Amino acid sequence: MSDVLRFMTCGSVDDGKSTLIGRLLYDTRAVLVDTLEGVSHASERRGLSRIDLSLLTDGLIAEREQGITIDVAYRYFSTGRRNFIIADAPGHEQYTRNMVTAASTAELAVLMVDVRQGLTTQTRRHALLCELMGIPHLVIAVNKMDLVGYDPEPFAAVQAAFETFAVQAQLRADRRYLPISALEGDMVVERGERMPWYHGPTLLEVLESVPSAHTGKAESFRFPVQWVCRPQAADDPTLHDYRGYAGMVASGSVAVGDAVTVLPAGLATTVLAIELGGRSLTAARAGQSVMLRLQDDLDVSRGDMIVRSDEPLPAVTRTLVADLAWLANGPLDPRRVYGLRQTTREVKAKIDSIEYRWDVASMRREDVDTLTANDIGRVRVKLSAPIVAERYEQDRALGAFILFDPATGDTVAGGVIREWA
């Protein structure tokens, strides 16, 4: 079967994000009959003459009442070529933290632009957040073409304006421009017949063809240990000496017999066996959840990282320079000790300094003493114990972390690693 692409929609309020997702789900036959009936009845109660497809994603009562998206809504659908996970991010500035949450796992962003409004501050803001979160593929969906008579000139004007902005902002993501009407369905799943001047792919064709995260580039093997398996069955002597390390391969691949290193301790050994659901494998690759057995009886625990010894070793550090998106309602307190969770490892952390806060509308750097809800800033973090670090742009799994309140367990911030000391 096909692989999985995680993507998100973003852009200003009322640019048509939820309607676009509803159109994708509706035209790919991914909507259950009873769900469609419920949305149809809700549309009738609102006095609408057609089904409001945005209701397929605006699941929260508050959203339905306000007609806006305030939380990240995830939806799933599949075509014959690929599976998809969609994150519908909110458009309001005060929900920037939700947008960052959606962007943290997205491999592609569909940035919606109302062709009548052109580029707004929030359009630029979301494009810069996509850049900050390292999303490699950007689709600029110029929506509501039906409201300008499917005229190519307004579309060309938006494309030219965004390219100028992208060059100024030094956006690195590859960019594609699509004229669409999410309401009428043109160039979303079906091409329609009202824009014969556009010869590029539809949105679904782009989504089905863009490379996913683990294709097209060489990756080093990274295996965060999630659980140490020591079965203690007294009636089965073959298990007495069994020791396996369970987890998901974050990147790269490994085979039986490969020399590996356990970090942060730096212990060397080889892979004795790889198991999956009771079956023996000769190799494992990114995305597979497996059990590794090692040749030597080492002190390995949850949170350690197993890497291949013949590949470049990642850094091991107690000091991070990171971009932090503050999610909690209360402000960052540099005097407090927070918990830091990266893959399966948890350590204590303190914010040693705040270097600056991003004004994401202009990408200017501002001097501040703290970060408050929805702020994004660059900080230096001191850790109580070493972690295995990679730059976020090189490895999004090892390069990301969260900060949490040790007293409540609540997540207070999400971070991406830029440097280390």
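Of note:
- Any hit, the stretch 358-371, residues being under 24 Å from residue 389 (Cα atoms) and either modelled with pLDDT of 95 or more or touching a Phe, Trp or Tyr at 6+ places or on another chain (Cβ under 8 Å) (or both): yes
- Hey, residue 349 over 20 Å from residue 130 (Cβ atoms) and surrounded by 15 or more Cβ atoms within 10 Å (Cβ to Cβ) or not: yes
- Pairing residues of the stretch 4-25 that are under 18 Å from residue 212 (Cβ atoms) with residues that are hydroxyl-bearing (Ser, Thr, Tyr), at Cβ distances under 6 Å and at least 6 apart in sequence or on separate chains, gives 5/212; 6/105.
- Search result, residues across the stretch 22-48 that are among the β-branched types (Val, Ile, Thr) and open to solvent by 40 Å² or more (accessible area, probe 1.4 Å): 33, 35
- Test: residue in the stretch 178-185 that is open to solvent by less than 30 Å² (accessible area, probe 1.4 Å) and assigned to a helix (DSSP H, G or I): no
- Scan of the stretch 120-157 for residues that are open to solvent by 10 Å² or more (accessible area, probe 1.4 Å), of a type in the set (Gly, Ala, Ser) and assigned to a helix (DSSP H, G or I), ordered by number: 156, 157
- Residues that are at pLDDT below 95 and buried (at least 22 other Cβ atoms within 10 Å of the Cβ) within the stretch 372-381 comprise 375, 376, 377, listed in sequence order.
- Which listed residue, of 418, 365, is within 23 Å of residue 96 (Cβ to Cβ), open to solvent by 40 Å² or more (accessible area, probe 1.4 Å) and assigned to a strand (DSSP E or B): 365
- Selection within the stretch 295-311: residues that are modelled with pLDDT of 95 or more and among the hydrophobic types (A, V, I, L, M, F, W, C). The member of this set that is surrounded by the most Cβ atoms within 10 Å (Cβ to Cβ) is 305.
- Scanning the stretch 382-411 for residues that are among the aromatic types (Phe, Trp, Tyr) and either buried (at least 21 other Cβ atoms within 10 Å of the Cβ) or not assigned by the TED database to the domain that holds residue 355 (or both) gives 392, 401.
Okay, residues lined up against (1) at pLDDT below 90; (2) open to solvent by less than 60 Å² (accessible area, probe 1.4 Å); (3) over 30 Å from residue 109 (Cβ atoms):
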site: 208; (1), (2), (3): no, yes, no
site: 225; (1), (2), (3): no, yes, yes
site: 232; (1), (2), (3): yes, no, yes
site: 236; (1), (2), (3): yes, yes, yes
site: 248; (1), (2), (3): no, no, no
site: 260; (1), (2), (3): no, yes, yes
site: 264; (1), (2), (3): no, yes, yes
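- Selection status of residue 106, in contact (Cβ under 8 Å) with a residue 12 or more places away in the chain, of a type outside the set (Asp, Glu) and part of a helix (DSSP H, G or I): no
- Cβ pairs under 7 Å, 6+ apart, first in the stretch 158-171 and part of a loop (DSSP other than H, G, I, E, B), second open to solvent by less than 60 Å² (accessible area, probe 1.4 Å): 171/127; 171/131
- Among the residues of this structure, residue 338 does not count as one that is aromatic (Phe, Trp, Tyr), surrounded by fewer than 17 Cβ atoms within 10 Å (Cβ to Cβ) and not assigned by the TED database to the domain that holds residue 134.
- Where residue 242 falls short, out of the listed (1) surrounded by fewer than 17 Cβ atoms within 10 Å (Cβ to Cβ); (2) among the aromatic types (Phe, Trp, Tyr); (3) within 28 Å of the chain's Cα centre (by Cα): (3)
- Scanning the stretch 312-330 for residues that are modelled with pLDDT of 95 or more and exposed (fewer than 15 other Cβ atoms within 10 Å of the Cβ) returns a single hit, 319.
- Any hit, the stretch 30-48, residues being closer than 26 Å to residue 212 by Cβ, modelled with pLDDT of 80 or more and not β-branched (Val, Ile, Thr): yes
The values are calculated or read from the model by the stated rules, or taken from the named source; none is laboratory data. What you see is a predicted model; the values in this text were computed from it and never measured. Counting neighbours? That spans all protein chains shown, and the Cβs are built from the backbone with ideal geometry, glycine included. The area values use the complete protein model at the heavy-atom level, side chains included, leaving out ligands, DNA and RNA. Shrake-Rupley method; radii C 1.70, N 1.55, O 1.52, S 1.80 Å.
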